[in-house]
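The structure under discussion appears below in the form of structure tokens.
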Amino acid sequence: MTTDRIEAAHATLRANDRGGYTVPNPRIYPFQWNWDSAFVAMGFGTFDMSRAFDEIDLLLKGQWDNGLVPHIVFHAPADNYFPGPAVWGTNQPTPSSGITQSPVLASAARHLWEATKGQPEAEARLARIYPGLVRYHDWWHTTRDPKGTGLVTTLHPWETGGDNSPAWDQPLERVPSETVTPVVRRDDKVVDPSMRPLAIDYQRYIHLVDTYRATGWDPAKMLAVSPFRVADIGTNAILHRAELDLLAMSHRFGTPAERARIVERIPAMGAAIGRQWDAADGHFYSRDLISDTPIKVATSGGFLPLWAGCASAAQAGALESTLMGWLRQVRYAVPSTNPADPRYEPRRYWRGPIWSVVNWMIAEGFAGYGYTDIAGRIRADTRALVTKNGFWEYFDPRDGTGLGGPDFSWTAAIDLLLTPA
Ligand code: GLC
């Protein structure tokens, strides 16, 4: 049974392999995605270490001279995705989008390092990857937090990875729905539209792409003109954790000057994330940086300061109670939005469904604080959803129905990471 399951996960990753990089799902997402690849690399790391490093190498092949690691790298053409490279118009040697995504990458590299400690071949591969990771983190801080507030800005819901989360409803109201580029969606032809973002969401997503393309993808101009500027709690927590992982690797692969930069950034980020805590609600919130106010919509991203290790012991305890409250309302952990929230929609993408990758990070986070029961519950639920249905993109928290696309790469990768040794 376990062997069959492991083989099925391997087969899913192999089927989605395009020769060194993995597509999340060929029918919906036929290119390489940034944070998907980080999880996929860890998944490959359980059975093919060389292939795991290839995944990171190819993602970094899309890295820009200024350090940006794009959210999509278009290694080969495919006409079943919108917006494709022509809409982005980024003019890069390897075609790519012009925005980034939650930076799990350095954490994935650290994970592979821990799994291969002392193996010369792996060390050589990591030594080649490491400088790109440093440049990526420098990019985050210099272009997305130029004033040194400790919080980085996300300029597009796609950068958060949680595209249509209800947390972005209010900030998106400032974004006009007019577009220069005609919106020709493909996603809603292959997935039931009731599980996908709305037409108005796409109008606004593309308005933002048009706006940034018009700046020539100049980071300072993008920040200055954007009508959408948000400090996503999930992205900030993920970057904080990635900084700790980069720091650990810097002792082996880096220079003292790099190390000093990373060491200086970490406490400032931790303190700034700490200020996003809402004691009354027992949750961390994202922040709208245009109005400079918290976005009081409780999402699964609000648990990720546990993954970052920057929540206090008291906050970790409060987060456990918060999650227990959510789980009294649904069968499976962890819904992407508080089920008591009026904006919660259990089947619509990031407005309620469960995502394996987020579950994995939250479970690791709780375990790190000693909350092994709830960590075990989250891991068991993540496995049970796959047992019941397979490697779906996301799942309904009430009955576990598989949603979005089947045979999804990162769901298979997480299943491998959760397979008992
Ligand atoms: C969707 C998800 C995003 C993911 C991508 C590829 O855009 O919202 O998080 O990276 O699909 O799977």
Open item on the list: Please go through the range 95-153 and give me each residue that is of a type in the set (Val, Ile, Thr) and not in a loop (DSSP other than H, G, I, E, B), ordered by number.
Closed with: Ile129, Val134, Thr142, Thr143
Open item on the list: Just to verify a result, which residue in the range 391-419, among those that are surrounded by fewer than 22 Cβ atoms within 10 Å (Cβ to Cβ) and free of Cβ contacts under 8 Å to residues at least 60 places away in the same chain, is nearest to the ligand (Cβ to nearest atom)?
Closed with: Gly402
TODO: For Ala380, state whether it is more than 20 Å from the chain's Cα centre (by Cα), at negative phi, of a type in the set (A, V, I, L, M, F, W, C) and modelled with pLDDT of 95 or more.
DONE: yes
Task: Residue check for Ala271: of a type in the set (Gly, Ala, Ser), touching a strand residue (DSSP E or B) at 6+ places or on another chain (Cβ under 9 Å) and modelled with pLDDT of 95 or more - done: no
TODO: Search the range 318-350 for residues being outside any helix (DSSP H, G or I) and within 16 Å of the ligand (Cβ to nearest atom), and hand back the single one that is farthest from Val297 (Cα to Cα).
DONE: Arg347
TODO: Determine which member of the set Leu112, Leu58 is in contact with a helix residue (DSSP H, G or I) (Cβ under 6 Å, 6 or more places away or on another chain) and within 27 Å of Phe44 (Cα to Cα).
DONE: Leu112
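Restrict the check to the range 127-145 and report whether at least one residue is at pLDDT 95 or above, within 16 Å of the ligand (Cβ to nearest atom), among the polar types (S, T, N, Q) and surrounded by 19 or more Cβ atoms within 10 Å (Cβ to Cβ).
Scanning the range 127-145 turns up no residue that is at pLDDT 95 or above, within 16 Å of the ligand (Cβ to nearest atom), among the polar types (S, T, N, Q) and surrounded by 19 or more Cβ atoms within 10 Å (Cβ to Cβ).
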Task: Evaluation of Ala86 against (1) more than 16 Å from the ligand (Cβ to nearest atom); (2) part of a loop (DSSP other than H, G, I, E, B); (3) more than 25 Å from Met249 (Cβ to Cβ) (one fails), failing number - done: (2)
- [ ] Find the residue count for the range 2-31, including only residues that are assigned to a loop (DSSP other than H, G, I, E, B) and either of a type in the set (D, E, K, R) or within 14 Å of the ligand (Cβ to nearest atom) (or both).
- [x] 10
TODO: Return the only residue of Phe39, Phe47, Phe53 being away from the ligand (no atom under 14 Å from the Cβ), assigned to a helix (DSSP H, G or I) and aromatic (Phe, Trp, Tyr).
DONE: Phe53
TODO: Being surrounded by 20 or more Cβ atoms within 10 Å (Cβ to Cβ), out of contact with any strand residue (DSSP E or B) (no Cβ under 7 Å at 6 or more places or on another chain) and more than 27 Å from Trp139 (Cα to Cα) narrows it down to one of Phe53, Phe44, so name that one.
DONE: Phe44
- [ ] Determine whether the range 64-79 contains at least one residue that is more than 16 Å from the ligand (Cβ to nearest atom) and under 14 Å from Leu13 (Cβ atoms).
- [x] no
TODO: Kindly check whether there is at least one residue in the range 95-112 that is within 16 Å of the ligand (Cβ to nearest atom), over 22 Å from the mean Cα position of the chain (by Cα), of a type outside the set (S, T, N, Q) and farther than 17 Å from Met249 by Cβ.
DONE: no
TODO: Report yes if some residue within the range 351-361 is over 16 Å from Asn164 (Cβ atoms), among the hydroxyl-bearing types (Ser, Thr, Tyr), part of a loop (DSSP other than H, G, I, E, B) and out of contact with any Lys or Arg (no Cβ under 9 Å at 6 or more places or on another chain); otherwise report no.
DONE: no
- [ ] Kindly check whether there is at least one residue in the range 245-259 that is among the charged types (D, E, K, R), surrounded by fewer than 18 Cβ atoms within 10 Å (Cβ to Cβ) and in contact with a strand residue (DSSP E or B) (Cβ under 8 Å, 6 or more places away or on another chain).
- [x] no
TODO: Within the range 197-233, track down each residue that is in a helix (DSSP H, G or I) and surrounded by fewer than 20 Cβ atoms within 10 Å (Cβ to Cβ).
DONE: Ala199, Ile200, Asp201, Gln203, Asp210, Arg213, Ala214, Ala220, Lys221, Leu223, Ala224, Val225
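This table checks each residue for (1) in contact with a Cys (Cβ under 9 Å, 6 or more places away or on another chain); (2) farther than 22 Å from Val230 by Cα; (3) among the acidic types (Asp, Glu); (4) touching a residue at least 40 places away in the same chain (Cβ under 8 Å).
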residue	(1), (2), (3), (4)
Ile290	no, no, no, yes
Pro294	no, no, no, no
Leu304	no, no, no, yes
Ser312	no, yes, no, no
Thr322	no, yes, no, yes
Val334	no, yes, no, yes
- [ ] Report yes if Ala363 is closer than 22 Å to Ile233 by Cβ and either aromatic (Phe, Trp, Tyr) or surrounded by 24 or more Cβ atoms within 10 Å (Cβ to Cβ) (or both), otherwise no.
- [x] yes
Open item on the list: Suppose the filter is closer than 27 Å to Glu393 by Cα, out of contact with any helix residue (DSSP H, G or I) (no Cβ under 6 Å at 6 or more places or on another chain), modelled with pLDDT of 95 or more and away from the ligand (no atom under 15 Å from the Cβ); does Asp169 pass it?
Closed with: yes
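The values are calculated or read from the model by the stated rules, or taken from the named source; none is laboratory data. Computed from a predicted structure; not experimentally measured. With ideal geometry, Cβ positions are generated from the backbone for all residues, glycine too; neighbour counts draw on all protein chains shown.
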